[in-house]
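Quick one: the structure is below, and I'll ask about it shortly.
The values are calculated or read from the model by the stated rules, or taken from the named source; none is laboratory data. Keep in mind that what you see is a predicted model, and the values were worked out from it rather than measured. Using ideal geometry, Cβ is built from the backbone for each residue, glycine included, and neighbour counts are taken over all protein chains shown.
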Number of protein chains: 2
Amino acid sequence: MNSTLYQAWLQYAPIKDEELAAVYSRLLGTVVADLQQSRVANAAIQELRNACRSMLGIVPSITSEVRASSYFEVRIHAADAEEGTEEIGEDSMGAGRVRLGAEGFRLEHRGHGQQEKLILTGGSGKGVLYGVFHLLRLLASHQPLTGLNITEQPVNGLRMINQWDNADGSVERGYSGHSIFYENGRFTENWDRVRDYARLLASVGLNAISINNVNVHEIETKFITAEYLPTIAQLADIFREYGITLYLSINFAAPLHIGGVPTSDPLNEEVRQWWKDTADEIYDHIPDFGGFVVKADSEHRPGPFAYGRDHADGANMLAEALEPHGGLVIWRCFVYNCMQDWRDRSTDRARAAYDHFTPLDGRFKDNVLLQIKNGPMDFQVREPVSPLFGSMKETNQVLEFQIAQEYTGQQRHVCYLVPQWKEVLDFDTYANGTGSEVKKIVDGSLHGMKYSGIAAVSNIGKDENWTGHTLAQANLYGFGRLVWNPDMSAEGIAEEWTRLTFGNDETEVAVVCGMLMRSWPIYESYTSPLGVGWMITPHTHYGPDVDGYEYSRWGTYHFADRDGIGVDRTVATGTGYTAQYFEPNAARYDSLEDCPDELLLFFHHVPYSHVLKSGKTVIQHIYDTHFEGAEAAAGLLKAWTSLAGKVDLERLTQVTERLADQAEHAKHWRDVINTYFYRKSGVPDAQGRTIY
Amino acid sequence: MNSTLYQAWLQYAPIKDEELAAVYSRLLGTVVADLQQSRVANAAIQELRNACRSMLGIVPSITSEVRASSYFEVRIHAADAEEGTEEIGEDSMGAGRVRLGAEGFRLEHRGHGQQEKLILTGGSGKGVLYGVFHLLRLLASHQPLTGLNITEQPVNGLRMINQWDNADGSVERGYSGHSIFYENGRFTENWDRVRDYARLLASVGLNAISINNVNVHEIETKFITAEYLPTIAQLADIFREYGITLYLSINFAAPLHIGGVPTSDPLNEEVRQWWKDTADEIYDHIPDFGGFVVKADSEHRPGPFAYGRDHADGANMLAEALEPHGGLVIWRCFVYNCMQDWRDRSTDRARAAYDHFTPLDGRFKDNVLLQIKNGPMDFQVREPVSPLFGSMKETNQVLEFQIAQEYTGQQRHVCYLVPQWKEVLDFDTYANGTGSEVKKIVDGSLHGMKYSGIAAVSNIGKDENWTGHTLAQANLYGFGRLVWNPDMSAEGIAEEWTRLTFGNDETEVAVVCGMLMRSWPIYESYTSPLGVGWMITPHTHYGPDVDGYEYSRWGTYHFADRDGIGVDRTVATGTGYTAQYFEPNAARYDSLEDCPDELLLFFHHVPYSHVLKSGKTVIQHIYDTHFEGAEAAAGLLKAWTSLAGKVDLERLTQVTERLADQAEHAKHWRDVINTYFYRKSGVPDAQGRTIY
């Protein structure tokens, strides 16, 4: 696995600028390190040496004493490597002196000419790790080091990846081949691949991973037993070396299924004891085990409801078991009625999470975090931000994104999701008045949460290039970077990724970044108009099927008829969902006039003749965006193929194939959607283009 | 497996009428038999003895000499048991003296009082078998035997069942549990169950079975090799005892995949030799092997097209290999473009079989039969008869029905299909002028075919009751009886089956027969209106999804828009499909005025306001039939539950559960279809009923 596909953004391509290489080599040829036995820091230095060998053709020597005139000094600052707290510098934005947390690092250049040194100070081994990866990014993007003086700390405490991998080797909503962890009910024990994954995650600052699907099946239910824990401990060991804490998704009904307890009632003493014993056993094997991820009472998964208990009862019971060990319970809020009768218009799935959870605010233990999907539905190409953010001020919260492109082209279409995520993070909830952005809620600052952060469903699998579509690597990269610092721009992240992945040819960087930045709007334009969502093939969620979810039990409707379309979620005439937001968001969404175009059909049912802020009617908007979107998809292919000769053949071909498929599929989307609405509305396209 | 569910129509329930039982017992207590070592005839006598033990509490003694004053004489008439041809009696309808074929029998009662005898003469052992089962039907339905004098012969030569069973144990389009033949890539070797299946098939006169799916996967490709033939020979042995010849579905690309030949080109000498050698080997194991069933160049199955050859080249190559052994090639005509672009309205899947095959008429070898589905599409609840029937006068033909209810409720809804099949058989093609009914084509009489008959896709599986829905047993029964004699009435067959299955309580018989006879019209009424078809969930084919197949590659469209619906297949403005029929059918279907209502949308695109012969508009017809259909489905449940106390609890419960599901699902169908068309047309229901 030494291909450019596999190396992703850790290509460490040789630096051909000899002058630059000489400067880097001089600075990095000698590493003066005092790593306090930290395995993480040592892994970081190993990464540095490998990268230098690859980029510069040198292998830095490691020493504890300064012998060279120029050198790279690496040290762990805090006395307590776990809790680095001493004031050591200004942050990168010059906002005054800050304390360096355990995960923070400072990177400073001093001196000049033949007498310069670079000093990396980590708040712990993890700080060193992140600092080294930061340095390697600078090198790979050919940045000068002179005058370097930055301090970085992660904004979010929990920076997590959720694998939806199953023991049988499949990956739920996986579009990149089978699991790298499992096959046929067993662990693959492909430790090299796991280590490379850990490197990728650590390189962008991620620090937690849950290794099995939130839908926990028979075998995975037993992961928390002595039968599987020794192997899982081996996995934890690999991830630990890269600063990543391992979590498991658990089956709430485990006591009943595998514990020999006749119930899983969270208030039952035997059940509570069983979980405590189980936690003890887990920590015997994995002393720094992260905790449990739990999907309970959701889509037929077992949960506390079966015993007349609520989510707080369920989560707290698990929290109690983990508490002595410092473990966390990450309890998902994706709870709704998935057996809804489509004829019942009073039930609104969008309302469900808020209705279920806000009454429980304040009742969760300190080591419980509620994991909330970015939107109220399910990772659609466009939906509003979940009103749950900011509504539970006494509860730890984690935001959940989906890197896997379940509803955004499944890594067969390119769809760079960082701009979408940024919209979510920058959304002002007004929970505490202006300035109550989602990012300030989930970083814990607004409401002073003990634990908080951001998690996302992984998009990787066994495919040579990890992510099916090579350009989808940018989403995994971007997720990590954005979670480290939500104030980074989507463009900046795209550019970083492109340089690391494809090199520093400016044309290439411009073309690839341009493609990435256009890709989400393009995907939206030829698929789902105006925030309506769900016009997709049931189950697979790939390709258009306008009525696919219209008469189903999933609570996912558009109510298109010959006159109009959209879901009335207003207070006066609809489901009242808009009232779940703080003002002024509530009023804005509730008002037909003020509601933003891109979410219009999510909140309102309007006639096809309704005129948007853009000045177009809804129906003409649908036609126009679909014609334009399909054309733009073809444009992506054209842009990419202009890079022939610049990109290596392996990646050129792989991406070309996907983009060609996307262009063809975009036409199919265009024609199905346009034809559907033309047949229904009878309104001809103002420009007389072909509709079937 | 001794339950009433399992026994199906071979219940052999004790006869409680003592007088009747005494008459039967006197006549059947002694069997005078000269069975010429015929295993089939001996199996028949064994069946008789078991049945008598069960129904009458006696075990008939078998003797070669007459000792009793009343007895049952069984003999094989023809000198050559395989080819019984001597004139021996009049046929049942008194239409003059007939020759008794090998599969025919004569059943005659002579004498009276204590001195009577019953004589069964079989044209061969198989004639005896069918005669015994006929006699047992008379007994089980409490018919008098006095004066009995009937001669029966099967109308169709090939009376075949196609199992779509896969080696992995699944059954394609199987709704009755897993395969009785296979599991996990191996034969179940559940010979008892196979024997009971053979008894069921033989009891209704079926004489051929293909034991594996027409989609031949990896393992099944090897069924024609020494690895599997010994086990298959055991199966053939069981079926042989019940007069049933075994066939295999083959993979046209077998020479390439398993033969070590670099091609499967039917004109390649090495390929031809491989098939000959393969045939020789098969017949070494199974001397009376029936032949091959072939799905080629259809839905991605391999075939001669890959080599620039046509269906005749492909079929004849196989036929040549089987010819020396007397084997047949059954070559399916289900050939169409399954990668169609829905935007292309000029391609019409309905045309495909005719367009592919009629140019080949006369080119097939004598031992090739073309197997043609009843309609041009695919076993829809309503479609016209395939225009291929009668169009290939120089080619042997087999009609293919589907007993499995793929598109007719999947054995979760009751849908007695014999009335549908009768419509097909009685359809006058006018191929040779008036009186050219399909039944006369497929029985070989109209065009003098060497081989012909009727095949059907089985509906059985491992479920206790064989067919998932207990009432679906009637379809397997009915298929056999109808193929034996296409002039039997659907009502008559329903009554026979009901009496054999549930007994002779007249109320019960009336209720069950009434349910069966209403069931197809009811299913049609709440599902697919006016012959339009395909408004179903893709892949599963269960439940409504009006646009499910509308924008797909399968060639299955309804073209509903806000103004109207239907497929224009006329000559002047449509696909020209109507011209594939002989006159006057062609003109009748082509004419909007003359086209029968029930097929209107199959042939014409009409506005919702179009007035049917019934006097209703199309849209009101849709509403009315769906409201009525759902109500009628509820009525089926009501009718059935009125039999509580009459039907044993096991079957009462099983059928009640299914009917309750059906009633609920019918409402879902009603509401989805009505809502879809109301939203699209905007026309309110004239009766103001609830549409969502």
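Within region A:652-664, how many residues are surrounded by fewer than 20 Cβ atoms within 10 Å (Cβ to Cβ) and touching a residue at least 60 places away in the same chain (Cβ under 8 Å)?
So the answer is 1.
Of a type in the set (D, E, K, R) and either within 14 Å of another protein chain (Cβ to nearest Cβ) or more than 30 Å from A:R159 (Cα to Cα) (or both): is that true of A:R562 in this structure? Lay out the reasoning, then the answer.
Details: of a type in the set (D, E, K, R): yes; either within 14 Å of another protein chain (Cβ to nearest Cβ) or more than 30 Å from A:R159 (Cα to Cα) (or both): yes.
Taking the combined requirement at face value, the residue satisfies it.
Among the residues of region B:606-641, count how many are within 16 Å of B:T690 (Cβ to Cβ), free of Cβ contacts under 8 Å to residues at least 40 places away in the same chain and of a type in the set (S, T, N, Q).
Of the residues in that region, 0 qualify.
Among (1) more than 22 Å from the chain's Cα centre (by Cα); (2) under 30 Å from A:T540 (Cβ atoms); (3) crowded, with 24+ Cβ neighbours inside 10 Å, there is one condition A:F187 misses while meeting the rest; what is its number?
Checking A:F187 against (1) more than 22 Å from the chain's Cα centre (by Cα); (2) under 30 Å from A:T540 (Cβ atoms); (3) crowded, with 24+ Cβ neighbours inside 10 Å, the one that fails is (3).
Can you confirm whether B:V368 is out of contact with any Lys or Arg (no Cβ under 6 Å at 6 or more places or on another chain), of a type outside the set (D, E, K, R), buried (at least 24 other Cβ atoms within 10 Å of the Cβ) and closer than 20 Å to B:A254 by Cβ?
yes
Which of (1) under 22 Å from B:T507 (Cβ atoms); (2) within 14 Å of another protein chain (Cβ to nearest Cβ) is the odd one out, the single condition B:A633 does not satisfy?
(2)
Go through region A:401-442 residue by residue and tally those that are within 21 Å of A:A666 (Cα to Cα) and hydroxyl-bearing (S, T, Y).
Summing the residues that are within 21 Å of A:A666 (Cα to Cα) and hydroxyl-bearing (S, T, Y) in region A:401-442 gives 3.
Here is a follow-up. When both residues are 6+ apart or on different chains and their Cβ atoms are under 6 Å apart, which pairs have a first residue that lies in region A:672-688 and is within 10 Å of another protein chain (Cβ to nearest Cβ), and a second that is surrounded by fewer than 22 Cβ atoms within 10 Å (Cβ to Cβ) and among the acidic types (D, E)?
Here the result reads A:R679/B:D561, each pair linking region A:672-688 to a residue that is surrounded by fewer than 22 Cβ atoms within 10 Å (Cβ to Cβ) and among the acidic types (D, E).
Consider B:N475 against the criteria (1) surrounded by fewer than 21 Cβ atoms within 10 Å (Cβ to Cβ); (2) touching a residue at least 40 places away in the same chain (Cβ under 8 Å): it satisfies all of them except one. Which criterion is unmet?
(1)
Here's the yes/no breakdown for (1) in contact with a strand residue (DSSP E or B) (Cβ under 7 Å, 6 or more places away or on another chain); (2) crowded, with 17+ Cβ neighbours inside 10 Å; (3) among the small types (G, A, S); (4) modelled with pLDDT under 95:
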{"residue": "B:Y577", "(1), (2), (3), (4)": "no, yes, no, no"}
{"residue": "B:A587", "(1), (2), (3), (4)": "no, no, yes, no"}
{"residue": "B:E593", "(1), (2), (3), (4)": "no, no, no, no"}
{"residue": "B:L601", "(1), (2), (3), (4)": "yes, yes, no, no"}
{"residue": "B:P607", "(1), (2), (3), (4)": "yes, no, no, no"}
{"residue": "B:L612", "(1), (2), (3), (4)": "no, no, no, no"}
{"residue": "B:K616", "(1), (2), (3), (4)": "no, yes, no, no"}
{"residue": "B:D624", "(1), (2), (3), (4)": "no, yes, no, no"}
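Can you tell me which of (1) of a type in the set (A, V, I, L, M, F, W, C); (2) modelled with pLDDT under 90; (3) outside any loop (DSSP other than H, G, I, E, B) is the one A:I119 doesn't meet?
For A:I119, the exception is condition (2).
Which members of region A:268-284 meet the condition of being without any contact (Cβ under 8 Å) to a residue 40 or more places away in the chain, surrounded by 14 or more Cβ atoms within 10 Å (Cβ to Cβ) and under 15 Å from A:D313 (Cβ atoms)?
Result: A:N268, single match.
Of these, B:A226, B:A208, which one is surrounded by 19 or more Cβ atoms within 10 Å (Cβ to Cβ) and of a type in the set (A, V, I, L, M, F, W, C)?
Working: B:A226 fails: surrounded by 19 or more Cβ atoms within 10 Å (Cβ to Cβ).
Every option except B:A208 fails the conditions.
Moving on. Would you please name the residue that is surrounded by the most Cβ atoms within 10 Å (Cβ to Cβ), looking only at residues in region A:1-44 that are of a type in the set (D, E, K, R) and in a helix (DSSP H, G or I)?
A:R26
On to the next question. Please enumerate the residues belonging to region A:609-659 that are assigned to a loop (DSSP other than H, G, I, E, B) and within 31 Å of the chain's Cα centre (by Cα).
Those that are assigned to a loop (DSSP other than H, G, I, E, B) and within 31 Å of the chain's Cα centre (by Cα): A:S642, A:L643, A:K646, A:D648.
So which of B:V512, B:V483 ends up being among the β-branched types (V, I, T), more than 23 Å from B:G243 (Cβ to Cβ) and either buried (at least 22 other Cβ atoms within 10 Å of the Cβ) or at pLDDT below 95 (or both)?
Just one listed residue meets the conditions, B:V512.
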